[in-house]
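The values are calculated or read from the model by the stated rules, or taken from the named source; none is laboratory data. Keep in mind that what you see is a predicted model, and the values were worked out from it rather than measured. Neighbour counts run over all protein chains shown; Cβ positions are idealised from the backbone, glycine included. Only protein heavy atoms, including side chains, enter the accessible area calculation; ligands, DNA and RNA are left aside. Shrake-Rupley method; radii C 1.70, N 1.55, O 1.52, S 1.80 Å.
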Amino acid sequence: RLRLAQAARLPMAQTTASVDAALARRNGDDLATTCFELANAEHVSFAASSGRTLLIRQDAAIPHTGGCIWETSYALALWARAHLEPIARRASKRGAPLRVLELGAGCGFLGLALAHMGFEVVCSEQPGVLANLVHNVLANEPRALGLPGACIAEVLRWGDSEDIAALTGAPFNYVVGTDVVYIPELVQPLLQTLWQCATGETAVLLCLQQRCVASHRLLLEQAGFYFARVEHEPLADSVELVRDFATELDCELLRLTQRREVIDPGAAPSAAGQATGAAGAARQPPSEKKEKKRQRHEEEGGPHTLQRVGSSGVGAQQGGAAAARDSRAPWRPDADADASHSERQQRRR
């Protein structure tokens, strides 16, 4: 209905859908249909843990995935209410509130729900989505209402070291994200950003659906190079609504902990070079696999210098997507322009 109205340039009637009512009374609808109907409302309301009702504005005109609330945001908010809120309340009473960074916050639903549980939350997003996010934060921020918890909105482009350094509230106890894995080119910038924003005490929580099999596989393959522990939280052991999201919509919750001091040399070369370069760290020693490859090239009389893609920023990361998808091929795309066909083939080998 939103798309048809926009196509016809007709004004939309303001609609508000209650998340609580929709999830409690589905009238036989499956969860996917319920969430789809919620996504098509101009506003959604949600009874927060503080006793206040959040009113979140969605904007279908945003040419970005951040214009509506995704299923995994509801799932993680409900899971956090059952499993994290007691921890946040105790910390807040001690005068040491827990700090949370949300990546890809979109409309701000999850971050604001966490803030009303007593967390101090930084909701981060790309510049093109920030206006709607700021609107929702200002309309629902708990501290302005005299309640425990806090929420602010800030710009964060994945892989941008300046944005990361400018973040308010670090170090963070939790870094969270929902539906942030959907194209392979953004997996490495995501992991790099998680690594740079975390400490050894930070728990990263990613609530995901497999929207892209290749992206999901790449995340699971590479996450261990950045965090020593990569685990699936058993959503089947949670409250009923969370179990429904797990069974009906295949939502899963990934927990990354024990951030590595340096990125494992086995990580995809574009990400390892980018993150360590941004941090000003010394060059890492070559892995055993790469050392054998160098020795083999020497024996064959061929070139043995492995060049890493070290450009910073999401745009540069997307430009080197072929290297990011295959850690066995750390060739530099910009070096191919003036090379012969045989030279290009040699680099790829």
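Here are the numbers for the structure shown:
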quantity: Residues satisfying the stated conditions in the range 219-249, i.e. open to solvent by 10 Å² or more (accessible area, probe 1.4 Å) and touching a Lys or Arg at 6+ places or on another chain (Cβ under 7 Å); calculated: 228, 231, 233, 235, 236
quantity: Qualifying residue in the range 84-92 (condition: open to solvent by less than 10 Å² (accessible area, probe 1.4 Å), over 24 Å from residue 31 (Cβ atoms) and in contact (Cβ under 8 Å) with a residue 24 or more places away in the chain); calculated: yes
quantity: Flag if residue 200 is over 12 Å from the mean Cα position of the chain (by Cα), surrounded by fewer than 21 Cβ atoms within 10 Å (Cβ to Cβ) and touching a residue at least 12 places away in the same chain (Cβ under 8 Å); calculated: yes
quantity: Residue within the range 124-144 that is farther than 23 Å from residue 68 by Cβ and out of contact with any Pro (no Cβ under 9 Å at 6 or more places or on another chain) present; calculated: yes
quantity: Within the range 195-210, considering residues that are of a type outside the set (Val, Ile, Thr) and in contact with a Leu (Cβ under 7 Å, 6 or more places away or on another chain), the one farthest from residue 79 (Cα to Cα); calculated: 197
quantity: Selection within the range 166-182 - surrounded by fewer than 20 Cβ atoms within 10 Å (Cβ to Cβ), at pLDDT 95 or above and hydrophobic (A, V, I, L, M, F, W, C); calculated: 166, 167
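For (1) under 25 Å from residue 261 (Cα atoms); (2) part of a helix (DSSP H, G or I); (3) touching a strand residue (DSSP E or B) at 6+ places or on another chain (Cβ under 9 Å); (4) at pLDDT 95 or above, each residue gets a yes or a no:
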{"residue": "196", "(1), (2), (3), (4)": "yes, yes, no, yes"}
{"residue": "200", "(1), (2), (3), (4)": "yes, no, yes, yes"}
{"residue": "222", "(1), (2), (3), (4)": "yes, yes, no, yes"}
{"residue": "241", "(1), (2), (3), (4)": "no, yes, no, no"}
